[in-house]
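Read the figures in this text as sums done on the coordinates, not as results from a lab. Note that the structure is a prediction, hence the values are computed from the model and not measured. All Cβ positions, glycine included, derive from the backbone under ideal geometry; neighbour counts span all protein chains shown.
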Amino acid sequence: MRSAKNRLDIVLFIVLAAVAATWAQGRTIIFRPQDTGEALANPGMGWVLHHYDNIASNYGGRLEPSDTVDDFPGVTVVYLRIAWSHIEPQEGRFNWSVLDTPAQRWLDKGKQIALRISCSESFMRYATPEWVERAGARGYNFTPGKGMDPNGPYWEPDYDDPVFLEKLDHFLAALADRYDGNPEVAFIDVGSFGVWGEGHTYASSLKPYSAETIRRHIDLHTKHFKKTLLAANDDFASQDRGRQTIEYAAQQGLTLRDDSILVQGGRNAYFNADFAPLFWEHAPVVLESEHFGPSRDRGNWKDGNQYLEAVEKYHASYASIHWWPREFLAENQDLVRKINLRLGYRLQLVEASWPSEIPVDGDFWFATTWQNAGVAPCLTGGHPAVTTKNAKGGITAVFVDDGMDMRCLLVAEPGQAPAQSHKADFRLPLASDERTRPLKPGEYAVYISVGTPTGTPTIALPLPNDDGHRRYRLGKLDVRQAIHQK
């Protein structure tokens, strides 16, 4: 039986092994942190909150204008999926306020928006503006579940009709004038084909269209959107159009989105993970689940772990909140936590080391080891930067390791991500000029960050001691008086 002292020693060892370790070995400081487990809101990844979801009152309709659901961890994008007729009710007269009003609520919080403008809906007659039909565009009345029906309550355009395509072309030109290259926008769906903009006509006219029709709609979007990421729906391949439609989208620089996760359950929880390799290594894949409530009520959702499984299989960067957001969070807290640990990229600092003391007029080195614990590459890229601060919190020096780019970190199965190390050599700024020297002899706090080539932090890390600007304190650095004075 172990003595009380031995038991205490064992407990102490476990505690010390479980926390970040910083110590001096000779004249080297080594820092080995553990992942904090927190959700990270980073560029090019995260949860997508549906504010407009075809029906304008879903799912932001219950939110007060001041409520941006800040308590949902990992939200980075608010999604505005709305019919064309709401934006251009009269030809050439645009009601941009429909988009600007909710967008500004989240943009004020540092989030982005994503858009889908649809041309066919199963709850309103004219998703495509009525004036397009009056201008001579062909179309079909339909009844959901029945298809084309002369007495059907809803109207869907013929997606190959030249009048429709001309008017759509003009609308997309106006949309691109506002949004192409706009940093407020994460992505825009090619949403002009199919019911709900989803790339099929199963719940509308049931009219089949060829792969050429899909290419035509992709081309209309790429004609106008040269800079902003466009997304192609996996259902572009449905109704016997085949994989070629998705391959074409990849060739044109689009990304993939799949709107059908857990519409069914079991083996049919998702169908098109085999499309993902065409995209995920160079573009952020977007997943959208079935409306949570109906999926749950049909018994398909269960514990939701097949949503996490889809995140893994598709190497997804974005996942949707396709329901009333707080109800979804309340019923899926553990799932949200698990997805946040894998969705997109997650840059982990495995180790940092640097000399404990440096001369005021000398060079020094800084070494880091990193791994990506997410399912997707850090497509935005980012360079590590070392920042020193004085006792008042003032930045005294910034050193960017431009030899290390987080884009190159490989992804793997959970817990299997390979690590990559780099050692950089830096020279103190203005080291030879004592009058302007920012690092005078003394002790300085050392921070790590990841961001632009000029040292601006852009990526949140799962580290403690954040200074509020995505810099994380690692330890200290002693700057000593020069050995040789001139």
Pairs from Lys167/Lys226; Lys167/Lys207; Lys338/Lys389 whose Cα-Cα separation, in the structure shown, is over 28 Å: Lys338/Lys389
Test item: Cα-centred dipole of region 46-340, Lys/Arg +1 and Asp/Glu -1 on Cβ, debye: 60
Which residue, Asn390, His469, Gly60, has the largest displacement toward the positive end of the dipole of the chain when charges sit on each Cβ (Lys, Arg +1; Asp, Glu -1)? Asn390
Give me, ordered by chain and number, the residues 5 or more places off Thr255 or on other chains with an amide H under 5 Å from its own placed amide H. Leu230, Ala231, Ala232
For region 46-340, just say rounded, prolate or oblate: build the C-alpha gyration tensor, square-root its eigenvalues into a ≥ b ≥ c, call rounded for a/c under 1.5, and beyond that prolate if a/b exceeds b/c, oblate if not. rounded
For Lys392, counting only lysines whose alpha-carbon sits under 25 Å away and dropping same-chain residues fewer than eight positions off, the answer is Lys440, Lys476
The answer for the net charge of residues other than Arg427 whose Cβ lies under 11 angstrom from its Cβ, with Lys and Arg +1 and Asp and Glu -1, is -3
Please list, or write none, the aspartates and glutamates whose alpha carbon is within less than 15 Å of the alpha carbon of Lys223, excluding same-chain residues fewer than 8 places away. Glu166, Asp169, Asp177, Asp180, Asp189
According to the square roots a ≥ b ≥ c of the eigenvalues of the Cα gyration tensor, what is the shape class of region 153-285, taking rounded for a/c under 1.5, prolate for a/b larger than b/c otherwise, and oblate for the remainder? oblate
Residue-averaged 222 nm ellipticity for the chain, from DSSP H runs of 4+ at -39500 (n - 2.57), nearest 500: -6500 deg cm²/dmol
Integer Hz, Karplus 6.51/-1.76/1.60 couplings in order for region 388-403, x for Gly and Pro: 10, 10, 8, 5, 8, x, x, 6, 9, 6, 10, 10, 9, 8, 7, x
Give me the number: length gained by fully extending Arg32 to Arg62, i.e. 0.36 nm times residue separation minus the C-alpha to C-alpha distance, one decimal in nm. 6.3 nm
Take each uninterrupted DSSP H stretch in the chain, measure its Cα extent along the helix axis, and return the ones at 15 Å or beyond whose mean Kyte-Doolittle hydropathy is at least 1.0. 4-18
Among Ala445, Pro325, Val360, pick out the residue whose Cα is farthest towards the positive end of the charge dipole of the chain, where Lys and Arg carry +1 and Asp and Glu carry -1 on C-beta, about the Cα centre. Val360
Once amide H atoms are built 1.01 Å from N in the peptide plane, which residues 5 or more positions from Thr396, or in another chain, come under 5 Å H to H? Thr388, Lys389, Asn390
